[in-house]
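One structure is given below, encoded as structure tokens.
The values are calculated or read from the model by the stated rules, or taken from the named source; none is laboratory data. On a predicted model such as this, the values are computed, not experimentally measured, just so you know. Cβ atoms come from the backbone with ideal geometry, glycine included; neighbour counts cover every protein chain shown. Surface accessibility is based on the protein's heavy atoms, side chains included, excluding ligands, DNA and RNA. Shrake-Rupley method; radii C 1.70, N 1.55, O 1.52, S 1.80 Å.
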Amino acid sequence: MTVTVRFAPSPTGRIHVGNVRAALWNWLFARSKGGRFILRIDDTDVERSTKENEERIRADLEWLGLGWDETFSQSSRFGDYDRIAAELRRKGLLYACYETADELERKRRVQRSRGLPPVYDRAALSLSEEDRAAFEAEGRKPHWRYKLSQSPVKWDDLIRGETLVDTANVSDPVLVREDGMYLYTLPSCIDDIDYGVTHVIRGEDHVTNAAVQVEIMNAIIDIRVAEGGKGALPAFAHHSLLVGADGQGLSKRLGSLSIESMRTGGLEPSSITSLLARLGTSQPVAPEPDLRALADSFDFAKIGRAPARFDEADLLQLNAKILHDRPYAALEPRLTAIGVGEKLWDAVKGNIVMLSDAAEWRAIVEGEISPVIEDAAFCKAAASLVPDALSDDSWNAFVGAVKKETGARGRALFHPLRLALTGREKGPEMTALFPLIGADKARARLNGSRA
Ligand code: GLU
């Protein structure tokens with residue numbers, strides 16, 4: 001059977017590093033097995049889903065290099081959901097409930113005060129035809145719950161190992177709201193079966209859902225088989241969730257951790273994929289621009305169960321390393337766009353975190369700066385020693401001459417020269433920058449002029 005996985009975001013917002021970890025692992029696993037990666041848009045919540053969010057999600061995934069073999073939106077499948085829901089109703093597995101939100105809350109409060117778990121009491125199952133008619137006459141519309149088996153559901157989770165959830169401790173889930181809208185569960189189960197999903201890889205916030213879904217999926221498989229079709233349960237892999245460097249959940253900072261903000265902020269996509277592929281696994285995080293190489297080393301057995309710590313500082317460090325190791329040719333169109341040529345790139349690449357930082361160095365080298373003069377006499381003396389034509393080894397000869405002339409050495413020699421020539425305390429090797437700045441600018445800057 002072809003390995004088939006899906007990434008199933010809801011287009012109710014942007015995707016962030018947490019979601020992308022699931023997307024990436026699905027993608028890597030599919031590629032490592034020669035399988036299929038489906039992008040499913042979970043847009044049954046028509047009020048909160050937007051086309052704009054969907055487009056952003058697609059743009060984010062494409063930018064990360066996580067292309068899909070097939071994509072569809074759940075909103076195109078309501079006919080299938082309606083048919084399965086009707087069949088589940090006919091079998092008595094989907095039953096009408098009339099409690100209001102307030103009534104349900106009151107029930108839960110009573111249960112809690114008695115020390116009982118707040119599990120739905122199934123009162124609706126004992127309603128008679130007349131009771132239901134009376135509710136309808138009052139103007140109430142039913143919502144629909146799935147009747148769970150109330151028994152242990154076990155599976156061998158590819159990350160968590162043997163996992164057991166007793167659905168006796170779980171409320172019968174509402175699958176259809178009173179306005180007829182499907183909640184996430186039923187469409188997801190139907191799609192996973194109908195699209196032949198073999199592995200469901202997602203966050204461990206879905207572990208309890210998985211037990212419920214196994215029961216619903218089995219009911220859907222029965223329906224499909226009775227129709228002459230087929231279906232099989234997928235395997236599950238539930239990974240731990242990311243926490244911030246402070247050990248807290250990421251939820252509060254999701255805006256700044258959205259993939260879109262990283263994309264528009266100029267981060268390299270491979271920094272994100274390099275970090276997220278290995279974070280929380282027994283494999284070391286390393287800069288890896290090649291997704292295929294990450295796929296080749298993907299292994300569920302190497303994924304740990306503890307929450308993984310996501311630190312943006314790691315992301316920036318990887319970004320710097322990735323840029324440092326990239327040959328000019330690989331970045332040429334982007335560097336040309338910001339006016340950075342090969343010599344300048346080679347000079348500055350070891351000192352930048354983001355590609356756009358190279359443009360700042362371009363401005364320093366080629367544009368006008370206000371030099372910072374610590375010791376005017378020293379700098380003037382140095383200015384008179386700048387040779388007319390600068391070559392790759394001019395810096396050492398120049399510094400040697402300044403040293404001889406002024407007697408300055410060490411930091412007292414180098415620091416004022418760097419400050420005057422670049423206006424900065426730190427930066428790339430002066431050996432490489434000096435010839436790029438050129439003799440005229442160098443002289444003018446050492447003389448304290450804007451140049
Ligand atoms: N749309 C669901 C979510 O974003 C999908 C969960 C799943 O992978 O089943 O939580």
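Quick look at the values:
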| quantity | calculated |
| --- | --- |
| Rg ratio (alpha-carbon, reference 2.2 N^0.38 Å) - region 339-451 | 1.00 |
| Reduced Cα scattering model of region 69-182, Debye log10 I(q)/I(0), q = 0.15, 0.23 Å⁻¹ | -0.86, -1.31 |
| Directionally averaged shadow of the chain, computed from the convex hull of its alpha-carbon atoms, nm² | 28.7 nm² |
| Rel. contact order, % - alpha carbon contacts under 8 angstrom, at least six apart, region 1-106 | 28 percent |
| Using alpha carbons only: equivalent-ellipsoid semi-axes of region 50-121, gyration tensor based, whole Å | 39, 22, 12 |
| Size of charge dipole - region 262-419 - debye, nearest 20, with Cβ of Lys, Arg +1 and Asp, Glu -1, no other charges | 420 debye |
| Listed residue pairs exceeding 26 Å between alpha carbons, taken from 321/403; 349/380; 321/441; 343/441; 404/426; 343/426 | 321/403; 349/380; 321/441 |
| Qualifying GluC sites (Glu not before Pro) for region 401-451 [loop in DSSP, other Cβ within 10 Å: at most 12] | 425, 429 |
| Whole-percent carbon and sulfur share, accessible surface of the chain, 1.4 Å | 50 percent |
| Where GluC sites (Glu not before Pro) fall in DSSP loop in region 48-155, at most 15 other Cβ within 10 Å | 138 |
| Cα-centre dipole for the chain with unit charges at Cβ (Lys and Arg positive, Asp and Glu negative), debye to 20 | 1000 debye |
| In Hz, Karplus ³J(HN,Hα) per residue of region 54-71 (6.51, -1.76, 1.60; θ = phi - 60°; x = Gly, Pro) | 4, 4, 5, 4, 4, 5, 4, 5, 5, 4, 6, x, 9, x, 10, 8, 7, 8 |
| Anisotropy class of region 220-373 from Cα gyration tensor, a/c 1.5 cut | prolate |
| Burial ranking of peptide ranges 158-165, 381-388 (average Cβ count within 10 Å, highest at the top) | 381-388, 158-165 |
| Computed helical MRE - 222 nm, the chain, DSSP H runs ≥ 4 contributing -39500 (n - 2.57), nearest 500 | -14000 deg cm²/dmol |
| For the chain, share of DSSP beta bridges that run antiparallel, in % to the nearest 5 | 50 percent |
| Acute angle (nearest 10 degrees) that the helix 394-406 long axis makes with the longest principal axis of the chain, alpha-carbon atoms | 50 degrees |
| Relative intensity, log₁₀ I(q)/I(0), of region 166-219 from a Debye sum that treats every alpha carbon as a point, q = 0.15, 0.16, 0.27 Å⁻¹ | -0.45, -0.51, -1.24 |
| Quarter of the Cα convex hull surface for region 107-261, i.e. its orientation-mean projected area (nm²) | 13.8 nm² |
| Evaluated at q = 0.13, 0.21, 0.22, 0.26 Å⁻¹: base-10 log I(q)/I(0), Debye formula over Cα of region 1-68 | -0.35, -0.83, -0.89, -1.13 |
| For the chain, accessible area per residue (1.4 Å probe, heavy atoms of protein chains only), Å² | 47 Å² |
| Part-to-part distance (alpha-carbon centres) for region 220-287 and region 414-436, which is given in Å | 43 Å |
| Degrees separating the helix 328-337 axis from the principal Cα axis of the chain, which is the longest one | 90 degrees |
| Computed over region 1-149, the ratio Rg/Rh where both radii use C-alpha atoms and Rh is Kirkwood | 1.10 |
| Furthest towards positive pole of dipole, 372, 161, 186, structure part the chain, Cβ charges | 372 |
| Dipole magnitude (debye, nearest 20) for region 1-140, charges at Cβ of Lys, Arg, Asp, Glu | 740 debye |
